[in-house]
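Let me begin by presenting the structure, written as structure tokens, before commenting on it.
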Amino acid sequence: MPLARPARAVGGDTRMCLQSGAYYGFVGQVEWLIRRACAELGEETRVVAAGGLAPLLAPEIARIEAVEPALTLEGLRLVWRAAHPTRPALA
């Protein structure tokens, strides 16, 4: 079963209940981690969702300011560029 936003939080059958539990459980985990990180780093901490599930989960989580699905790849590109400043950029 793919992770997807269910129509309702309380499912009407086993499949819907599993889907709701997986989706909203994951949202709850992310929200807790964000609260914990912001408590340690300061409430002004910017929150950016990254990765393949970011566009799916971000609408549910108010603290997420931006969605950057390719953030890791962009970071790797910047590191490569800093390490190889004279080489031509890759397309």
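Within segment 43-52, if we keep just the residues that are within 8 Å of the chain's Cα centre (by Cα) and not hydrophobic (A, V, I, L, M, F, W, C), the residue that is surrounded by the most Cβ atoms within 10 Å (Cβ to Cβ) turns out to be Gly51. Of all residues in segment 46-73, those satisfying the criterion of being farther than 13 Å from Arg5 by Cβ and modelled with pLDDT of 95 or more are Arg46, Val47, Val48, Ala49, Ala62, Arg63, Ile64, Glu65, Ala66, Val67. Leu18 meets the stated requirement of being exposed (fewer than 14 other Cβ atoms within 10 Å of the Cβ) and out of contact with any helix residue (DSSP H, G or I) (no Cβ under 7 Å at 6 or more places or on another chain). May I ask you to verify whether Ala4 is under 15 Å from the mean Cα position of the chain (by Cα), exposed (fewer than 13 other Cβ atoms within 10 Å of the Cβ), modelled with pLDDT under 95 and not in a helix (DSSP H, G or I)? It is true that Ala4 is under 15 Å from the mean Cα position of the chain (by Cα), exposed (fewer than 13 other Cβ atoms within 10 Å of the Cβ), modelled with pLDDT under 95 and not in a helix (DSSP H, G or I). Evaluate segment 31-42: report whether one residue or more is at positive phi, loosely packed, with under 13 Cβ neighbours inside 10 Å and more than 18 Å from the chain's Cα centre (by Cα). Yes: segment 31-42 contains one or more residues that are at positive phi, loosely packed, with under 13 Cβ neighbours inside 10 Å and more than 18 Å from the chain's Cα centre (by Cα). For segment 75-91, give me each residue that is loosely packed, with under 12 Cβ neighbours inside 10 Å and either in contact (Cβ under 8 Å) with a residue 60 or more places away in the chain or part of a helix (DSSP H, G or I) (or both). Across segment 75-91, the qualifying residues are Leu76, Leu78, Val79, Ala82, Ala83.
Scanning for something surrounded by 11 or more Cβ atoms within 10 Å (Cβ to Cβ), touching a Ser or Thr at 6+ places or on another chain (Cβ under 8 Å), assigned to a helix (DSSP H, G or I) and in contact (Cβ under 8 Å) with a residue 24 or more places away in the chain, does segment 53-72 turn up at least one residue? No, the conditions are met nowhere in segment 53-72.
The values are calculated or read from the model by the stated rules, or taken from the named source; none is laboratory data. Everything numeric here is computed off the predicted structure, so don't read it as measured data. Cβ atoms come from the backbone with ideal geometry, glycine included; neighbour counts cover every protein chain shown.
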